[in-house]
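Before any comments, here is the structure.
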Amino acid sequence: MTTPAINHSKYFHIESKASGVKILWLDVPKVNVLQMAVLQELDGILDRLANDPSLKGLVIASTKPDVFIAGADINEIRALQSEGEEKTYQVTMNAKGILAKLRSLGVPSVAAINGACKGGGLELALWCSHRLAADNPAVALALPEVRLGIFPGFGGCVLLPRLIDTIKAVTMIATGADVSAKEAWQTGLVDEVVAADQLLARAEAIALGAKSKKAPSNGKGKKAGWAERAVAALLDVTEPFKADRFSGMRHFVSATTHGFASKQVLAQISKRAKGYKAPAQAAALTLRTLTMPLAKALELESALFAQQVQSKESANLVSIFLDRSRAKKLASGATPARVSEIGVIGSGIMGAEIAFEAICAWQIEKVVVIDIKEEFLAKAKANIEKLMAGRVKSGKYTKLEADLKLAKLTFSTSYSDLANCDAIIEAVPEKDEIKFATYRQVDEVMTSRSKETPWFLFSNTSARDLEVLKTGVANPANFSGMHFFNPVSQMAGVEIPGTSSTSEETMATAISLVSALGKIPLPCKNYPGFIVNAILGPYLAMTAHLLAMGVAPAAIDKAILNFGMPMGPVELMDYVGLDVVASVAKTLSSAHGDRLALPSLDLVGKLVEQGFLGRKGSYGFYVWEDCKTVKDAKTRKPVLGAPYRAMAEAHNLGSTPMAEEAIVKLLIGTIENEAMRVLEAGVVSDPFLIDLAFVISTGFTASLGGPLRHIDQLGVKTFSDLSRNIASGSELPGQSWRKNFVPCNLLAEHAANRTNIYPAQ
């Protein structure tokens, strides 16, 4: 029988080996994603291969360095959200039908995983008879769909727990966590880990029938009931939901019945997810499919996937995901200047971490760190080396790669070493006189720079007025803000506020530089507090009012934690630093008048006056030790700081009851009303920037899509009426804070016209 020749196609080309093995190379433009068009092309190829009598084995490989298949096409997932359940069900069942052909070829099929293998990419690998992984730090296997409010829909929930230990399968699916090549081998997810340069040769051998070198401990293990073991494992899962561990329940769980333990799995996941539905649904699905025939299990997965894709949670999380890319494309038509050498002035915690992010960017060739004393620079150097050691330990960098990045650093007390820098980031203390003195020294050094080689100055300020700061700069057109959030290494967003003088080239360069540092640029206009602090400030001010009313700190924090925020507002004030909170509050109060006036009993100010700053010291509202709140051994609640307890006793605070719902209504309502005011003020060019900024910089529950999307989902008219009722209510003391709930003109206009903030929704 003669088999038709398979020519190069749009996404695949075939390499025929003398052994009879065929290597199917995947090469999707830009990045390998499992688009429907890719699957359709694969379908035709597999049909032809099935009729090829010379075929001895099949290897699927990637042409992309360090990427096997990054996942499904997010835009296609978004499209399914408007297609309805029936269409979505059919799409996923068709995809499974195509991928199942990898198992029905009659010869071994091997996934040669050279790098990122996630989502639909890992599901394709699961349909293969064998999986090999390169010994490469870039290899990361994951089913991250829960982070988009969905779960695997191409067979992942069904196939993974049939391949590896149930504990690991449920954990991977419910958290979306990455698994390294070594860990994948140890659990049996991949058959073997081989040197990168031997990956294809070994894959060919496996495809011809060679036995793989499976890990000795990769069996599924049956010592304990799978449900009990799943509970025990999940009690240790904290990412991505940042919940406390419940390891004390292990003994209790192990003693429960199989059915009760299953319920505990779902209960614990739900508790940890804090408002996210997909993790618990994914876990429940995975557990259910274990006892079902394969065909029925695959049908159930598609049916439940189709339901979840239509959810608001998924729509919101997909929107936030896409927003990250949108933010990087907001620069005008101006071309960004090339930045290969940067300077960082100020070697404190912020400056050191900015410098660290800079040396990690491959585009940056040199980083000069400036400070006034050698001892400050020595401390910064130690901090940077510690951060780099963490990257090496995690496997992100090899020791050689780390050393090469550290070699980019120059530490100096002389501003003259900045002469060749293309961009300078100022991270000195938040005092105008210090910043002006810094700018004068920079200008003196950079005056010799030719006009043909422009340089740019960016201020890492959280709340200073940039229109004032620009008056101290020789070339204000090349000056803007660049506000990093603390801790820099963990916070994705960077606000880029421009002034009335900032050029388009400067803004384009700032956006490009922030993107090069691996961060999400958030361009905005100069405004008190910019985006995040402009919204966060009133939220913390409202918290201060609740404390002054006598509501206990623990009650406030518990209500907001249960809403889904990663940290309560009282603990957040301590964490940021009460002196910083007081400074931002002063700035916002000066800008907005009595609307943001602090309560007459200013507890924050009183603690700062006494030198109690929160996490920076031992005391704030809570007791702090090693940068963490100290917990009561019995209640596990944060221990109140002695200075605050003394003030609380003197003013009879902490005993005023307030329902959790009322606390959430006041605090989250403050956030959302202030977000509308920021939008009304024209601080951003598009509402998505406010939602994105607040989600990635404060942890606002991403499943709600951000404060503005949440208003749309509540109903703009409903939210406006609720705010008016709070503003006019009399059940709570105080008057100044009520002004925050009077709908701004933009909110009132949307409510009157019954229009959404996002027109497309």
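The values are calculated or read from the model by the stated rules, or taken from the named source; none is laboratory data. Everything numeric in this text was worked out from a predicted model, so none of it was measured. No Cβ is skipped: glycine too gets one built from the backbone with ideal geometry, and neighbour counts run over all protein chains shown.
Reported count of residues in region 14-58, each being free of Cβ contacts under 8 Å to residues at least 60 places away in the same chain and in a helix (DSSP H, G or I), is 14.
If I ask for residues that are part of a helix (DSSP H, G or I) and at pLDDT below 85, which ones from region 727-761 would you list? 736, 737 - these are the residues of region 727-761 that are part of a helix (DSSP H, G or I) and at pLDDT below 85. Filtering 589, 618 for residues that are within 23 Å of residue 534 (Cβ to Cβ) and surrounded by fewer than 19 Cβ atoms within 10 Å (Cβ to Cβ) leaves a single hit, 589. All of 599, 643 fail the test of being farther than 22 Å from residue 738 by Cα and either surrounded by fewer than 16 Cβ atoms within 10 Å (Cβ to Cβ) or in contact with a Gly (Cβ under 9 Å, 6 or more places away or on another chain) (or both), apart from 643.
When the test is whether a residue is at pLDDT 90 or above, small (Gly, Ala, Ser) and not in a strand (DSSP E or B), residue 184 passes it.
Hey, among the residues in region 614-634 that are under 28 Å from the mean Cα position of the chain (by Cα), free of Cβ contacts under 8 Å to residues at least 40 places away in the same chain and part of a loop (DSSP other than H, G, I, E, B), which one's nearest to residue 549 (Cα to Cα)? It comes out as 630. Over 23 Å from residue 580 (Cα atoms), outside any loop (DSSP other than H, G, I, E, B) and either among the basic types (Lys, Arg) or within 23 Å of the chain's Cα centre (by Cα) (or both): is that true of residue 358 in this structure? Yes. Is one or more of the residues making up region 467-474 among the hydroxyl-bearing types (Ser, Thr, Tyr), surrounded by fewer than 19 Cβ atoms within 10 Å (Cβ to Cβ) and over 26 Å from residue 741 (Cα atoms)? Yes: one or more hits. Restricting 475, 486 to those that are modelled with pLDDT under 95 and more than 25 Å from the chain's Cα centre (by Cα) reduces the list to 475. Sort out which residues of region 641-660 are of a type in the set (D, E, K, R) and in contact with a helix residue (DSSP H, G or I) (Cβ under 8 Å, 6 or more places away or on another chain), and write them in order of number. Residue satisfying the conditions is 660 alone.
Selection within region 530-586: residues that are in contact with a Cys (Cβ under 9 Å, 6 or more places away or on another chain) and of a type outside the set (A, V, I, L, M). The member of this set that is nearest to residue 462 (Cα to Cα) is 530. Within region 503-517, being within 14 Å of residue 361 (Cα to Cα) and in contact (Cβ under 8 Å) with a residue 60 or more places away in the chain holds for 512, 513, 515, 516, 517. Highlighted here are the helices (runs of 4 or more DSSP H) found entirely within region 66-167 that include at least 3 residues which are in contact with a strand residue (DSSP E or B) (Cβ under 9 Å, 6 or more places away or on another chain) and in contact (Cβ under 8 Å) with a residue 40 or more places away in the chain: 120-127.
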